[in-house]
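> Below is a structure I'd like to ask you about.
Each reported figure results from applying straightforward, stated rules to the coordinates on display, with no laboratory input. The shown structure was predicted, so the numbers you read here are calculated from the model rather than taken from an experiment. Glycine gets a Cβ as well: all are built from the backbone with ideal geometry, and neighbour counts include every protein chain shown.
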Amino acid sequence: MRKFVFAVSAALVVGLTTPIIVSATTPQEDLKAFRNYYYEKFPDVPKEDYINGIYSLNKDFREQWENQEEFPPYEEFIEKGEEMFNTPFANGKTYADCLPKGGIGTRAMYPHFDKESGTLKTLEEEINKCRKANGEKPLKYNKGPIANLTAYIAYTSRGEKFDTEIPNDERALALYEKGKKHWYMKRGQLNLSCADCHMYNSGMFARSDQLSPALGHLTHFPVYRLKWQGLGTPHRRFGGCNKQVRAAAYKPQSEEYKALEYFLTYMSKGLEANGPALRK
Amino acid sequence: MAKSIKIRAKAKNGIVTVKALMNHPMETGLRKDKKTGKLIPAHHIQEVMAKSGDTTVMDAVWGGAISKNPYLSFKYKGAKGDDLTLSWVDNKGNSDAVTAKVK
Amino acid sequence: MNRRTLLKRTLAVSAVGVAASAGLLTPGQVLAAYPKGAFEAKDTAGALSGAVGSSSFEDSGDIKIKAPDIAENGSVVPVTISTGMAAESITILADSNNSPLVGSFNLQGAEPFVSTRIKMGKTGNVLAVVKSGGKLYANKKEVKVTIGGCGG
């Protein structure tokens, strides 16, 4: 009897605190509206070309970019990543032993919702879990060796399509909504949301930078930025974006950024993985 | 310094198009080290030479205003199977050279 | 452009290249000819005199300069110069740089075409000077270099 009461009250609590999740639109509806926003705004851009970011909009920038792609500066990092990937840990095991499908060609699987734990799985976190399980130290999340590894994995995944799902599971929907909220919420001293720049003002110039459309934003990571003179993970870029509107950055692999990555990747559903890529 | 030049040379209609990338910091001598505030000494490629077999087809003099990891493309009359040698020398006397077969 | 195959090809060719590489050029051989003064000159006239022996040139629309209107990044500005003239040399300058001379290419039989990437400290002209029949011809194109709004 006591157990029953418990169950009822638990159900009540859930019922009372979750209406926030029951938003006006479903993820499927959001996705349609999100895509259509860009399709209508930039009718001349081929739908599959959004993976190329600002270069899908600006021919002058695209030519400069293609010139550099003749000898891509991220090439050496793919090679380093491949070497890391194939070098066994001290215990003789490798990344291929613990990553799903041996790790190769799996970039487009991430992030995804894990039913068992009720959490999001990102490629970077899975790499570190794999390291820890094999007695190795975890890698730092923003740049360096972890980005070399993901660059190699992304390179072996080029052309694979993102097929991110938001399962009909309260926990998954809550994470999706969290990411969506981060995207639309104004923040920082400049009081700008991600959407202000990369949706409503995409295609406009902020000084000499043209704001890229968010459709396709997550397909090409890790990214080699000229500004960084090196590679960075998606969460490194998120941190930079937050700081640029004078807001505090969250930690890489925080639930906030994982949720944002989940939301944005879902918005790029159906597009091809094309990382690592070169960006300004 | 042996791995500093990547090169592709392709012949089409009697013209060889060469595209090359050289790994080099190309320091101008005007940049300051962010940590120490001191000027980073100039360190850049000064001369580049291209030879088809034993014949020089192009040579160039460069300053520090050529971008880091210099990219160079040029064209000359030649054919598939020819040897193309590209070499550079920098202001510290370092040098490298690479020979590729024209494809 | 299929970048997957492009990358593989690059890797393969560079490996062959490394194996074949050898010290074919000794520093002493070439350093003597280096026009240091021209690269240190603070104006285009001084730079040109030092590099190609004269600073007087004729404007020519027959020199094509392919360079961006707005540089994505001032430290990597792709520049391609070509011309229909029989060219002995092509010289590239950036007139707003502290030292304008960027590089000079002696075309000993090479076609009148050069493509490279240059550094530009601020907005200015890319000046291309072609030596043809012992005379100098030039054309220019403005490239805007601005600090980015996103910390670029």
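> Apply the Karplus curve 6.51 cos²θ - 1.76 cosθ + 1.60, θ = phi - 60°, to the phi angles in the stretch A:112-122 and return the couplings in whole Hz, x for Gly and Pro.
After applying 6.51 cos²θ - 1.76 cosθ + 1.60, I find 9, 7, 9, 4, 4, 8, x, 10, 8, 10, 10 Hz.
> Which residues' amide hydrogens lie under 5 Å from the amide hydrogen of C:VAL102, considering only partners 5 or more residues apart or on another chain, with H built in the peptide plane?
C:ILE92, C:LEU93, C:ALA94
> How large is ³J(HN,Hα) for each residue in the stretch B:57-67, as worked out from phi by the Karplus curve 6.51 cos²θ - 1.76 cosθ + 1.60 (θ = phi - 60°), to whole Hz, x for Gly and Pro?
9, 7, 9, 9, 10, 10, x, x, 8, 7, 4
> Another question, then. Once amide H atoms are placed 1.01 Å from N in the peptide plane, what residues at a sequence separation of 5 or more from B:VAL16, or on another chain, have their amide H within under 5 Å of its amide H?
For B:VAL16, whose amide H was placed from the backbone, the distant partners under 5 Å are B:TYR76, B:LYS77, B:GLY78.
> Okay, moving on. Given +1 on the Cβ of Lys and Arg, -1 on the Cβ of Asp and Glu, and no further charges, what dipole in debye does the stretch B:5-101 carry about its Cα centre, rounded to the nearest 20? Walk me through the intermediate numbers first.
Details: 17 positive and 9 negative charges, 111 e Å.
Roughly 540 debye, rounded to the nearest 20.
> In addition: Where both partners of a DSSP beta bridge lie in chain A, what percent of those bridges are antiparallel, to the nearest 5? Intermediate values should be presented prior to the final figure.
Working: 10 of 13 bridges.
Of the beta bridges lying entirely in chain A, close to 75 percent run antiparallel.
> At q = 0.08, 0.13, 0.15 Å⁻¹, what is the log10 ratio I(q)/I(0) for chain A, with the Debye formula run over Cα points and no solvent?
-0.36, -0.90, -1.17
> A follow-up question, please. Given an 8 Å cut-off on Cα distances and at least 6 residues of separation, report the relative contact order of chain A as a percent. Each step should come with its number before you reach the end.
On the way: 443 pairs, mean separation 68.1, N = 280.
Normalised by residue count, the contact order of chain A is 24 percent.
> Here is a further query. How large is Rg over Rh for the stretch C:27-143, taking Rg from the Cα atoms and Rh as the Kirkwood inverse mean of 1/r across Cα pairs? Before the final figure, lay out the partial values.
Details: Rg = 13.5 Å, Rh = 14.2 Å.
Computed over Cα atoms, the ratio is 0.95.
> Right, another one. I want to check the label-to-label distance for A:GLU66 and A:GLU48. Put each point 7 Å from Cα in the C-beta direction and report it in nm to one decimal.
1.7
> Does the stretch A:197-239 come out rounded, prolate or oblate by the C-alpha gyration tensor, with a ≥ b ≥ c the root eigenvalues, rounded set by a/c under 1.5 and, if not, prolate when a/b is larger than b/c and oblate if not? Provide the component values of the computation, followed by the final result.
Numbers: a/c = 2.41, a/b = 1.47, b/c = 1.63.
Since a/c reaches 1.5 but b/c is at least a/b, the shape of the stretch A:197-239 is classed as oblate.
> While we're on this one: If I take every Cα pair under 8 Å that is 6 or more residues apart in the stretch B:41-99, average their sequence separation and divide by the length, what percent do I get for the relative contact order?
Numbers: 88 pairs, mean separation 24.6, N = 59.
After rounding, I find 42 percent.
> Okay, moving on. Work out the length of the dipole vector of the protein assembly as shown about its Cα centre, built from +1 on the beta-carbon of each Lys and Arg and -1 on the beta-carbon of each Asp and Glu, and round it to the nearest 20 debye. Could you put the intermediate results ahead of the total?
Details: 75 positive and 55 negative charges, 204 e Å.
Once rounded to the nearest 20, the dipole reads 980 debye.
> Using Cα pairs under 8 angstrom and six or more residues apart, how large is the relative contact order of the stretch A:41-122, in percent? Working shown, then result.
Working: 37 pairs, mean separation 8.2, N = 82.
Worked out over the stretch A:41-122, it gives 10 percent.
> May I pose another question? Provide the FRET efficiency to the nearest 0.05 for the C:ASP62-A:ASN191 pair, computing r from the beta carbons and using R0 = 60 Å.
0.70
> Of A:LYS132/A:LYS269; A:LYS32/A:LYS181; A:LYS161/B:LYS19, which sit over 22 Å apart, Cα to Cα?
Working: A:LYS132/A:LYS269 31 Å; A:LYS32/A:LYS181 17 Å; A:LYS161/B:LYS19 32 Å.
Long pairs (Cα-Cα over 22 Å): A:LYS132/A:LYS269; A:LYS161/B:LYS19.
> Right, something else. Only residues of the stretch A:42-74 count here: report those whose backbone N is under 12 Å from the spot 7 Å along Cα→Cβ of A:LYS161, or say none.
What the label zone holds, given the 12 Å backbone N cut-off, is A:48.
> Hey, could you pull the Cα Rg and Dmax for the protein assembly as shown, both in Å?
Answer for the protein assembly as shown, Rg first and Dmax second: 26.7, 105 Å.
> If you wrap the stretch B:5-101's Cα atoms in a convex hull and average its projection over all directions, what's the area in nm²? Could the numbers behind the result be given before it?
On the way: hull surface 25.0 nm².
Dividing the Cα hull surface by four gives the mean projection, 6.2 nm².
> Please give the FRET efficiency for A:LYS132 paired with A:ASN201, using the beta carbon to beta carbon distance and R0 = 51 Å, rounded to the nearest 0.05.
Once the sixth-power term is evaluated, E becomes 0.75.
> Suppose R0 equals 41 Å. What FRET efficiency, 1/(1 + (r/R0)^6) with r the Cβ-Cβ distance, do C:ASP95 and A:TYR184 give to the nearest 0.05?
On the way: r = 46 Å, r/R0 = 1.13.
My answer for the efficiency is 0.30.
> Separate question: May I ask you to evaluate 6.51 cos²θ - 1.76 cosθ + 1.60, the Karplus curve with θ = phi - 60°, for each residue of the stretch A:171-177 and list the ³J(HN,Hα) values in order in whole Hz, giving x for glycine and proline?
For the stretch A:171-177, the Karplus curve yields 5, 5, 5, 5, 5, 4, 5 Hz.
> Which shape class applies to the stretch A:173-280: rounded if a/c is under 1.5, otherwise prolate when a/b exceeds b/c and oblate if not, where a ≥ b ≥ c are the square roots of the Cα gyration tensor eigenvalues? Before the final figure, lay out each step's value.
Details: a/c = 1.27, a/b = 1.05, b/c = 1.22.
In terms of gyration-tensor shape, rounded.
> Then there is this: Of C:SER75, C:GLY109, C:GLY46, which is farthest towards the positive pole of the stretch C:27-143's charge dipole, taken about the Cα centre with +1 and -1 on the beta-carbons of Lys, Arg and Asp, Glu respectively?
Positive-most Cα among the choices belongs to C:SER75.
> Per residue, how big is the convex hull around the C-alpha atoms of the stretch A:20-112? Give it to me in cubic angstrom, could you?
Values: hull volume 16.3 nm³, N = 93.
Dividing the Cα hull volume of the stretch A:20-112 by its residue count gives 175 Å³.
> Taking the Cα centre of the stretch C:27-143 as origin, work out the dipole magnitude from +1 charges on Lys and Arg Cβ and -1 charges on Asp and Glu Cβ, in debye rounded to 20. List each step's numbers first, then the result.
Numbers: 11 positive and 11 negative charges, 43 e Å.
Magnitude of the dipole: close to 200 debye.
> Here's something else I'd like to know. Taking C:LYS64 as the anchor, which aspartates and glutamates have their alpha carbon closer than 19 Å to its alpha carbon, excluding any fewer than eight residues away along the same chain?
The qualifying aspartates and glutamates are A:ASP60, A:GLU63, C:GLU88, C:ASP95, C:GLU111, C:GLU142.
> Using Cβ contacts closer than 10 Å as the measure, can you line up B:LYS34, B:LYS80 from fewest to most? Walk me through the numbers before you get to the answer.
Working: B:LYS34 7, B:LYS80 12.
Sorted ascending by nearby Cβ count, the order is B:LYS34, B:LYS80.
> Can you give me the long-range amide H partners of A:SER193? Hydrogens built in the peptide plane at 1.01 Å from N, cutoff under 5 Å, separation of 5 or more residues or another chain.
A:ARG187
> Percentage of Cα-Cα pair distances in the stretch A:110-220 greater than 19 Å, rounded to whole percent?
On the way: 3809 of 6105 pairs.
So the pairs more than 19 Å apart make up 62 percent of the total in the stretch A:110-220.
> So what's the back-of-envelope 222 nm ellipticity for chain A, counting only DSSP H runs of four-plus at -39500 (n - 2.57) apiece and dividing by all residues, rounded to 500?
Numbers: 10 runs with 119 residues, N = 280.
So the calculated ellipticity at 222 nm is -13000 deg cm²/dmol.
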